[in-house]
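I have placed the structure first, in the form of structure tokens, so that the comments after it can refer back to it.
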Amino acid sequence: MKKLKLILFFSLIISFIYHFNYKSIYQDKKIITGTVISVKDNSFIIKNKEKILVKYNDNINIKIGDILKIEGNTELPSKNTIFNLFNYQKYLLSKKIYYIFNIKKITKIKENKNIIYILKNGVNKRLNKLNNSYLNTLIIGDNILNKDVYDTYKINGITHLFSISGMHIALLSGILLYLLNKIFKRKYLSYLITMFFLLIYMLLVGTPSVIRSVLMFSFIFFNRSFKLNFKTKDILIIICLFLLIINPFYIYDVGFLYSFIISYTLIKYNYLFKDKKYIKKIFLISLLSLLASFPITVNNNFEINLFSLISNIFFVPYMSLIIFPLSIMTFIFNSLNPLLNILIKVMEYISFTFNKFKIILVFPHMNIYLILIYYLILMFALKRINLKRIGVFLVYLIFLYNLHLFMHPSYTVLDVGQGDSSLIDYKNNSILIDTGGNKNYDLSKNIISYLKSRGIHKLKFLILTHGDFDHVGSSLNLINNFKIENIIMNSYEDNDLEKEIISLARKKNIKIYKYSKKKIKIKDIYLYFLNDSNIEENNDSLIIYTKIKNKGILLMGDATKDEERELIKDYVLDVDILKVGHHGSRTSTSKEFIDVIKPSYSVISVGKYNYYGHPNKEVLNNLKNSEILRTDKNGSIRFIFKNNLQIEMCKP
């Protein structure tokens, strides 16, 4: 066993080196021929020697197994440009997809008669006929559930029940074994037939958790049949190493991480819930699963709902004993679909109800060192359960929860495209300046996720520099979905959007202030509001100056050259970091102004390939004696105020 583990381990290292230095065969390809292996709305995956994701806009009739010739161009998948958020490039890498292909022309060469593709198309056709999103999710792992409903499952901590995993495979294999034992009366034959069906199912679905579950079933069967004496946890480790050798990028797959970490923990510590009564057993399994997967959940959601321990007591048996078995029966017998829908509506109603009792704790993003410390302490606590060990573990969780209190102060300019949003995080007092705005996408979700990833559960101040949509367009959703104590706005006449913001803020009992020349103290720093104009919206855009650890920060909003002239006439400012006015437009950032304030760093919040041509060439020339940082090229930019100023960037 040890020799086998060592062989697999060294093979894994070689595989890591090979895969992380691999150059895709599709790089700069204009024409590709391959077989369609997956189809979704406006995209499909084709495979030749390698997989590639293909994007298209036209209504093209494509089936799994079709052999196509496509013409177009490749592009790299996008990375996250806000710290700690979802990385699409890593997500595709977990599926061994290196490039995206944009189609210009497509030609169908022929249909593929491979039995697996025929089965996949048959399953998809049946599911389309039934038109039940839960069947797609629970039968083939294609999650197309309603987003609002799925969000309630996410809050309740039960999304794992909708990812095909060990529980589903165990139920499926249990049903098959029961029926086959009745027919053949020979366990060995029943196991072989069940294994065959599970392997076909694994090829149809192909997710890491399904592969893990089916391989576990097969290995355990052979282990017992041939008396190999492998321990179950060793089998799990071997399968894990084997899959990582095939695709090391599975380390980016959240389902893979959940599946193996939770399974290993439940196998290793099964004595904690063995021989316990059903309800207590479910509670202990849920608790152990929550603790085992804590770093994964935190680094993806940045929060934990403690009430999920209670909600799982209802949802686990409801899903495993009712919904999932009935879903399989409905797939076979269409007439059961109305009954399944009724029971699903009951589940959705209960999920919405449970959301009212949520107990949410926000946790900051965990780096690799914190994760390792966490698992060491968890193993110590689980080795022999007692109050002292549990106490040590809880102290660590409290430390982690309050970690952001001890972080160094920071100023972050968030990449919100063609707009503005930045954050001052100082001694647990968080100040968000503007929210950005995008009519096609709710930017507040990204902002809230980033705040939570910093361990921030409320804003001391939301400062809205002025009423332009690209600065305050996401404010309403932010106010509705995040705790805010105070809002500061400019003193110019309110537009319709600002009136909506004020109305909603009053309903939420948020204090509202209108500022021109003023200063406020937060802990031991001051925020100075320097503008004194009521001519028009941009001229009255709030100009903010502050100093953090002797480093001056000047935020110009959308202020114009007129305001800049007034500023250098009235104030002597020590500026290290300049948040450049009006996205680098020529209406701001005059040479006269820059020659006086002499910033060390100039940050421009600007959208990639924006319609306005920002930043202006003349502005860039004016800023040439400073280090220019741009959100379109550098992504989000974070200044951390340690003994020496540290700069981090989340490059696209």
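Since every read-out is calculated from the coordinates, none of them should be taken as a lab result. Keep in mind it's a predicted model, so treat the numbers as computed, not measured. With ideal geometry, Cβ positions are generated from the backbone for all residues, glycine too; neighbour counts draw on all protein chains shown.
Based on C-alpha pairs under 8 angstrom that are at least 6 apart in sequence, the chain has a relative contact order of 10 percent. About its Cα centre, segment 133-210 has a charge dipole of approximately 500 debye under the convention of +1 per Lys or Arg Cβ and -1 per Asp or Glu Cβ, with nothing else charged.
Beta bridges assigned by DSSP with both partners in the chain are antiparallel in approximately 65 percent of cases.
If R₀ is 30 angstrom, what is the calculated FRET efficiency for the pair Ile200 and Lys2, using the beta carbon separation as r and rounding to 0.05? After rounding, the FRET efficiency stands at 0.30.
Backbone phi angles across segment 585-593, fed through the Karplus curve with coefficients 6.51, -1.76 and 1.60 (θ = phi - 60°), yield HN-Hα couplings of 5, 6, 6, 10, 6, 6, 5, 4, 5 Hz in residue order; Gly and Pro are listed as x.
The loop-placed trypsin sites (Lys or Arg not before Pro) in segment 425-463, going by DSSP, that have at most 10 neighbouring Cβ atoms within 10 Å of their Cβ come out as Lys439. The stretch between Asn57 and Asn42 holds 4.8 nm of extra length on full extension. This uses 0.36 nm per residue minus the Cα-Cα distance. Take the Cβ atoms of Tyr441 and Leu620, set R0 to 22 Å, and the FRET efficiency comes out at 0.20.
Taking GluC sites (Glu not before Pro) in DSSP loop conformation with at most 12 other Cβ atoms inside 10 Å as exposed sites, the chain has its longest uninterrupted site-free stretch at 1-492.
Straight-line reach from Lys345: taking Cα to Cα under 16 Å and skipping same-chain neighbours fewer than 8 places apart, the lysines in range are Lys147.
For the peptides 214-227, 194-207, residues were scored by their other Cβ atoms within 10 Å and the scores averaged per peptide; the highest-first order is 194-207, 214-227. How about Lys5: which lysines have a C-alpha closer than 28 Å to its C-alpha, ignoring those fewer than 8 places off in the same chain? List returned: Lys90, Lys95, Lys96, Lys227, Lys231, Lys233, Lys268, Lys383.
Too long at a 29 Å Cα-Cα cut-off: which of Lys523/Lys561; Lys23/Lys452; Lys276/Lys452; Lys452/Lys551? Intermediate results must be reported in sequence, preceding the final value.
Details: Lys523/Lys561 32 Å; Lys23/Lys452 36 Å; Lys276/Lys452 37 Å; Lys452/Lys551 26 Å.
Distance filter (> 29 Å) returns Lys523/Lys561; Lys23/Lys452; Lys276/Lys452.
Each peptide in 280-291, 58-69 gets a packing score, the mean of other Cβ atoms within 10 Å over its residues, and the list from highest to lowest is 280-291, 58-69. Each label was represented as a point 7 Å from its Cα along the Cα-to-Cβ direction; for Ile342 and Ile17 these points are 6.3 nm apart. Judged by the mean number of other Cβ atoms found within 10 Å, the most tightly packed of the peptides 179-185, 638-644 leads the ranking 638-644, 179-185. Between Leu504 and Ile183, the C-beta separation translates, for a Förster distance of 45 Å, into a calculated FRET efficiency of about 0.10.
Using θ = phi - 60° in the Karplus curve 6.51 cos²θ - 1.76 cosθ + 1.60, the 3J(HN,Hα) couplings for segment 517-530 round to 6, 6, 9, 10, 9, 10, 6, 10, 10, 10, 10, 9, 9, 9 Hz; x is entered for Gly and Pro. Measuring from centroid to centroid over Cα atoms, what is the spacing of segment 612-652 and segment 82-145 in Å? Taking the Cα centre of each part, segment 612-652 and segment 82-145 sit 39 Å apart. Backbone geometry of segment 233-240 corresponds, through the Karplus equation with coefficients 6.51, -1.76 and 1.60 at θ = phi - 60°, to 3J(HN,Hα) couplings of 5, 5, 4, 4, 4, 4, 5, 4 Hz, x marking Gly and Pro. Using a cut-off of 20 Å between alpha-carbon atoms, which aspartates and glutamates can reach Lys108, once sequence neighbours fewer than 8 places away in the same chain are excluded? The qualifying aspartates and glutamates are Asp41, Glu50, Asp58, Asp66, Glu71. With 30 Å as the limit on Cα-Cα distance, the pairs of Lys104/Lys445; Lys458/Lys517; Lys79/Lys508; Lys30/Lys624; Lys514/Lys633 that go past it are Lys104/Lys445; Lys79/Lys508; Lys30/Lys624; Lys514/Lys633. Normalised radius of gyration (Cα atoms, divided by 2.2 N^0.38 Å) for the chain: 1.09.
Pairs over the 18 Å Cα-Cα cut-off, from the set Lys547/Lys642; Lys29/Lys120; Lys63/Lys113; Lys154/Lys358: Lys29/Lys120.
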